[in-house]
1. Based on other C-beta atoms within 10 Å, arrange A:C73, A:C172 from fewest to most.
2. Rounded, prolate or oblate, given the Cα gyration tensor of the range A:169-256, with a/c below 1.5 counting as rounded?
3. List the GluC sites (Glu not before Pro) in the range A:25-79 that DSSP assigns to loop (not H, G, I, E or B) and whose Cβ has at most 11 other Cβ atoms within 10 Å. Which are they?
4. Write out the trypsin sites (Lys or Arg not before Pro) in the range B:27-88 meeting two conditions: DSSP loop, and at most 15 other Cβ atoms within 10 Å of their Cβ.
5. With +1 on each Lys and Arg Cβ and -1 on each Asp and Glu Cβ, and nothing else charged, work out how big the dipole of the range A:52-135 is about its Cα centre, in Debye to the nearest 20.
6. Using the charge dipole of chain A (Lys, Arg: +1 at Cβ; Asp, Glu: -1 at Cβ; taken about the Cα centre), state which of A:Q100, A:C73, A:N39 has its Cα farthest towards the positive end.
7. Which FRET efficiency value, to the nearest 0.05, do you get for C:K75 and A:C76 by plugging their Cβ-Cβ distance into 1/(1 + (r/R0)^6) with R0 = 45 Å?
8. For a paramagnetic label modelled at 7 Å from the Cα of C:T155 toward its Cβ, which residues of the range C:101-138 fall within the zone defined by backbone nitrogen distances under 13 Å?
Amino acid sequence: MRIIRIIACCIGIASAYLVTADAQTPARQSGYQSMSAENKALQDDSSANPALFWLMDGQTLWKEVLGPKQKSCASCHGESAQSMKGVATHYPKVIIGKLQTLEGQINQCRAFNQGLPKFAYESKELLALTAFVATQSKGSPIAVDETAVNRVDLKKGHDWFYQRMGQLNLSCAQCHEERAGLKLGGSIIPQAHPTGYPIYRIEWQSLGSLERRLRNCMNGVRAQPFEYGSTEMAQLELFLMWRARGMPLETPAVRP
Amino acid sequence: MSKTSRTVITMPDKAKRGEIIEIRAIAQHDMETGFRYDQTGKRIPRDIIRNFTCSYGGVEVFKADFYPGVGANPMVIFTTIATESGTLQFEWTGDDGYEALNQAQITVT
Amino acid sequence: MSAIQTKKNVGRRDWLTQALLLGVSFCLQPLLALAKKPEALEAIQKIIGSNALNEGKVKLVLPPLIENGNLVVLKVGVDNPMTEQNYVKAIHIIAEGNPLPNVFSAYLTPRSGTANITTRVRLAESQKVWAIAQLSDGSFWQSSVQTMVTTSACTEEP
């Protein structure tokens, strides 16, 4: 009888440990999983996905021959943009000593190789081109790893993620790691893996970038949001993409 | 001032006579409701697509009225009977002189 | 003679008017109980005129819980043979809680094949959405869905 009680206790303790261990290290999950069936269907159906028109605009911009050098993206990178397959999964990355996001690199190419003024952040053109380039890698796993050149920026990004900020004094991790899966208002808190950017956010009724979404988050905790195109943004984005490494890219995603 | 935008039609290009086909029509348009305010507190004026028609071989087979409550990049999915081979014409009209046209061919056997 | 006849005519007209008012209010009363907002009621009234609004035949599908009301897939269908003699002429969508209750109107023909329509609408808040179908015989049929609309967290505006 006593031995049965001891065994029962052991089983109880073991299963309690297993349950809490599972709760502490949940499998990584894209925000897609927490969406309603209807919104998932919106993302999956390429002819109904609201990002459709930005992709079409991006394709047009890709081929547009412009500027003093009379070059288009296609002039160097090919008509069909198949050369872009796998590219978006490596961003942000350090290029010639500077940490570049995909938007930053597109603008860099535009200014340096085409001799044209850079696109404004969140402009229709930059969103369209970024989405067009990123969607060429749809389905491929995010491939941002820690390297010797990005180590410092990655650490900085890591610190931004775990640092409390704003009037509400909350860090990204407090919601998106500790409380992911729970609810904030009526919405489920996602784990915040940027697997589908630029996304069509139903709230915006428009396509938008990761930086726009991060600024929304910072507004949410009443912090001074990072500026578009800033180093801090790139560092945080680098950390988030590193954190999501291995997860498939969904661009263009739909999110509420 | 007239303006236009992209539109996408998704429908089969072949069908049997009498078969019911599904047509999906979507237009690129912000559908500004007229109920929003800008940063300065000024009302942003209404600017929407008002009307959509589908003609099959010159005969109007479907029509829809859109109001501000229709979502951005308005989409309609409807059906029609494949009666004969020919062209389906799609037209969208709206505020501020907006007009968009698209067409699709169908072979009916 | 004519004076007496006129008086009789007025009497009949009076009675007819009263009967009509009674009939209309009989139709209106159930609507008043169902449609919460007066603008929505007015919009529905404009559509059906003095006809009765019957329940049935129409199937309206909206998600039960809507994560964001800016883009909501709406499916509406009417059980109808869609022949020359008997077809659905129009389907109207009314959203009670929107600043403008009329949302979408579709006009069909005997060539439509089915009376199934899908579109994407904006819903300002949790509210009742109506689908009103007009048949070729002049009758009106309705169905409604009560929706729950939530908003996203962490937006641009506070």
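Where a number appears in this text, it was derived from the coordinates with a stated rule and is not lab data. Quick caveat, the model's predicted, so the values are computed rather than measured. Here the Cβ is made from the backbone with ideal geometry for all residues, glycine too, and neighbour counts use every protein chain on show.
1. Working: A:C73 26, A:C172 21.
Listing A:C73, A:C172 from fewest to most nearby Cβ atoms yields A:C172, A:C73.
2. Numbers: a/c = 1.15, a/b = 1.04, b/c = 1.10.
It is rounded, given that a/c, with a ≥ b ≥ c, falls under 1.5.
3. Numbers: sites: A:E38, A:E64, A:E79; in loops: A:E64, A:E79.
Here no GluC sites (Glu not before Pro) fit, given the DSSP loop and packing criteria.
4. Those satisfying the criteria are B:R36, B:K42.
5. Numbers: 9 positive and 6 negative charges, 57 e Å.
Charge dipole of the range A:52-135: 280 debye, to the nearest 20.
6. A:Q100
7. Numbers: r = 46 Å, r/R0 = 1.02.
Given R0 = 45 Å and the Cβ-Cβ separation, E is 0.45.
8. Output list for this probe position: C:123-126.
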